[in-house]
Amino acid sequence: SRWTERFRIDGREVGGAALAAARERLRPYVAAACGEDPERAPTFFDVTTAAAFLLFAEARLDRVVLEGGMGGRLDSTNVVDPAVACVTTIELEHTDKLGDTLAAIAAEKAGIVKPGRPVVVGALAPEAEAVVLARAHAVGAPARVLGRDFDVAIRRADRDGLSLQLRDGDFAVDATLPLLGVHHAANAALAV
């Protein structure tokens with residue numbers, strides 16, 4: 001509903017004034033980058049990502065959950081060295097930029113997998129999963145795959161939301177999500 005709902009600090013939405021102020025502090029750097037090479041000028045998403053990083057740094061956050069934009073490998077969020085990376089799903093989207101097959105898109109998305117950092121992988125088509133796991137293997141990133149290494153069982157799905165059991169070896173936890181849509185079960189399992 002609002003642009004600011006994309007930015008939360010300690011569970012609270014960042015105010016519009018704070019976001020605008022962060023973007024204003026970035027203005028001279030954006031102008032300089034545009035002047036240096038207009039062909040490589042920062043995009044709206046690049047500047048918005050930088051504003052988020054600025055807000056997070058000023059708040060001195062210990063942990064940040066950061067969602068990548070359209071891609072992975074060349075995404076402006078990919079400057080982060082994550083504690084863990086997560087590849088939720090891969091679909092034929094943004095094919096003009098990422099490629100026209102699931103494997104090609106997976107190669108771009110797998111660019112977020114960093115050396116030695118764990119990656120959690122959702123239920124992907126076999127050709128996409130193979131690409132993500134090959135990248136993980138190539139950079140020495142331990143990989144855990146939904147349905148193979150951990151799982152989720154939907155106990156109830158109705159207009160009140162979902163009741164789930166999340167399992168990872170001997171660890172199991174019951175959870176209730178006030179969300180409609182069974183796809184949220186996989187997302188919850190990946191998050192845990």
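The values are calculated or read from the model by the stated rules, or taken from the named source; none is laboratory data. Because the structure is predicted, anything quoted here is derived from the model rather than measured. Methodologically, a virtual Cβ is constructed for each residue, glycine included, from the backbone with ideal geometry; neighbour enumeration extends over all protein chains shown. When the accessible area is computed, the model is the full protein with side chains, heavy atoms only, and any ligands, DNA or RNA have been set aside. Shrake-Rupley method; radii C 1.70, N 1.55, O 1.52, S 1.80 Å.
Worth pointing out:
- Extreme residue, most open to solvent (accessible area, probe 1.4 Å), among residues of segment 57-98 that are part of a loop (DSSP other than H, G, I, E, B) and small (Gly, Ala, Ser): Ala83
- Candidates are the residues of segment 30-56 that are surrounded by fewer than 11 Cβ atoms within 10 Å (Cβ to Cβ) and over 30 Å from Ala191 (Cβ atoms); the one that is modelled with the highest pLDDT is Ala32.
- Meeting the requirement of 1 or more residues that are among the charged types (D, E, K, R) and in contact with a strand residue (DSSP E or B) (Cβ under 9 Å, 6 or more places away or on another chain), the strands (runs of 3 or more DSSP E) wholly within segment 106-192 are 143-145, 151-158, 161-168, 171-177.
- Residues in segment 99-123 that are surrounded by 17 or more Cβ atoms within 10 Å (Cβ to Cβ), farther than 14 Å from Ala143 by Cα and charged (D, E, K, R): 2 in all.
- Verdict on Val14 being open to solvent by 60 Å² or more (accessible area, probe 1.4 Å), at pLDDT 95 or above and within 25 Å of Ala188 (Cβ to Cβ): no
- Flag if Ala153 is within 23 Å of Pro126 (Cα to Cα), under 18 Å from the mean Cα position of the chain (by Cα) and either surrounded by 17 or more Cβ atoms within 10 Å (Cβ to Cβ) or aliphatic (A, V, I, L, M) (or both): no
- Looking at Arg27, Arg8, Arg2, just one residue is open to solvent by 70 Å² or more (accessible area, probe 1.4 Å) and in contact with a strand residue (DSSP E or B) (Cβ under 8 Å, 6 or more places away or on another chain), and that residue is Arg2.
- Whichever residue in segment 156-192 is on the phi > 0 side of the Ramachandran plot and more than 21 Å from the chain's Cα centre (by Cα) and, among such residues, is least open to solvent (accessible area, probe 1.4 Å): Gly161
- Yes/no for Arg144 being touching a Ser or Thr at 6+ places or on another chain (Cβ under 7 Å), open to solvent by 70 Å² or more (accessible area, probe 1.4 Å) and at pLDDT 95 or above: no
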